[in-house]
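This structure is in structure tokens; I'll ask about it shortly.
What follows draws every value from the coordinates through simple rules; no lab data is involved. Nothing here was measured: the structure is a model prediction, and the numbers come from that model. Glycine also receives a Cβ, built like all others from the backbone with ideal geometry; neighbour counts cover every protein chain displayed.
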Amino acid sequence: MKNEILAFLSPQYSWGESLHYLEVTDSTNDQLKKMAQSGAPQGTALIAGYQTGGRGRRGRTFLSPADMGIYLSILLRPDCAPGELMHLTCAAGGAMCNALEAATGLRPGIKWTNDLVSGKRKLGGILTELKFTPQGKLDFAIIGIGINCCQQEGDFPPELREIAGSLAMVTGKEIHRAQVAAAMLDALHEMSKQLLTGKEALLCQYRKDCITIGNEISLIRGEEVLHGRALDVDGEGALVVAFPDGHVEAVNAGEVSVRGMYGYI
Ligand code: BTN
């Protein structure tokens, strides 16, 4: 698999020597974190054939069956203060739309903040994790991405059958996983060059891909469910929401999760 991915990468990709492939691991994010702590360089990437403990945001499980998806984590070591990376998940989201469009012809949408979707189905998600030094400086960032590639509806557990999808399902095409993985790496490599200097351009692309903007949403904050209308995504990646009483608030991905008014999207 590793050689196949390398063969699909663009000649500009400069992190090929730091690409690692494991047939199985618990979580590529967790393994890459260990590699980062041992000094792995910027651009180190880890891809697994399957994960036994794939993790999503808010402590959820990310199902990662063998040879069905791409389970990829990449290490970045940007030279900046932690507060300058609030847009990292959004930047990765836009990069994934570019990658999936390049590999399959289908440009997915993004359900704020980190779900890649097509129609009413989630195709995958992004889990960004930052590590700080004891002095509170940024040590490294890990972007973990899981994409469902080859599943058909019956491959998902019954409770996910109506809301999960794969690239094969939504394109009707056969999916070449190595090609998808290479497109993801190429897009992350490109995104990393713009991460600190092209923040507005990255967010501008994110706003175009984000299907939440302009829609009525339910906002879940702890036990509380609020309704509102998503107006925009601000310069820090927060969702700007208008509430029925007229007040407008920018909500942070760490404090709320969002659902469509009549379902997951
Ligand atoms: C989400 O849907 O909330 C995010 C899912 C992120 C899953 C990916 S798969 C590769 C990496 N390793 C993990 O354990 N999680 C991420």
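Suppose each label sits 7 Å from its Cα in the direction of the beta carbon; what would the residue 259-residue 207 distance come out to in nanometres?
Each label point lies 7 Å from its Cα, and together they span 2.9 nm.
Still on this model: How far is it, in nm, from the label point at residue 159 to the one at residue 77 when both lie 7 Å from their Cα along the line to the Cβ?
4.1 nm
Once the Cβ-Cβ distance between residue 139 and residue 22 is put in as r, and R0 is 25 Å, what FRET efficiency do you end up with, to the nearest 0.05? Present the calculation step by step, with values, prior to reporting the outcome.
Numbers: r = 23 Å, r/R0 = 0.93.
Step by step, r from the Cβ atoms, then E = 0.60.
Mind giving me the FRET efficiency for residue 221 and residue 1? R0 is 45 Å, r the Cβ-Cβ distance, nearest 0.05 is fine.
Working: r = 41 Å, r/R0 = 0.92.
My answer for the efficiency is 0.65.
To continue, here is another question. Order of 56-69, 211-224 by packing, highest average Cβ count within 10 Å first?
On the way: 56-69: 16.2, 211-224: 14.2.
Those peptides, ordered most packed to least, come out 56-69, 211-224.
Once amide H atoms are built 1.01 Å from N in the peptide plane, which residues 5 or more positions from residue 117, or in another chain, come under 5 Å H to H?
HN-HN under 5 Å from residue 117: 109, 110, 111, 123.
Please check: in the Gaussian network model of the chain (C-alpha springs, under 10 Å), which one of 133, 25, 52 has the largest mean-square fluctuation.
Checking each option, the largest mean-square fluctuation is seen for 133.
Rounded to two decimals, what ratio of Rg to Rh does region 86-203 give with C-alpha atoms and a Kirkwood Rh? Display every interim value, and only then the final one.
Working: Rg = 15.3 Å, Rh = 15.0 Å.
Ratio of gyration radius to Kirkwood radius for region 86-203: 1.02.
By how many nm would the segment from residue 196 to residue 152 lengthen if fully extended, with 0.36 nm per residue of separation less the alpha-carbon distance?
Values: separation 44, 0.36 × 44 = 15.84 nm, distance 3.88 nm.
Fully extending the segment from residue 196 to residue 152 adds 12.0 nm.
I want to check the label-to-label distance for residue 249 and residue 101. Put each point 7 Å from Cα in the C-beta direction and report it in nm to one decimal.
Going by the 7 Å Cα→Cβ label model, 3.4 nm.
Another one. Which length gain, in nm to one decimal place, applies between residue 14 and residue 131 when the Cα-Cα distance is subtracted from 0.36 nm times their residue separation?
Working: separation 117, 0.36 × 117 = 42.12 nm, distance 2.39 nm.
Length difference between fully extended and current span is 39.7 nm.
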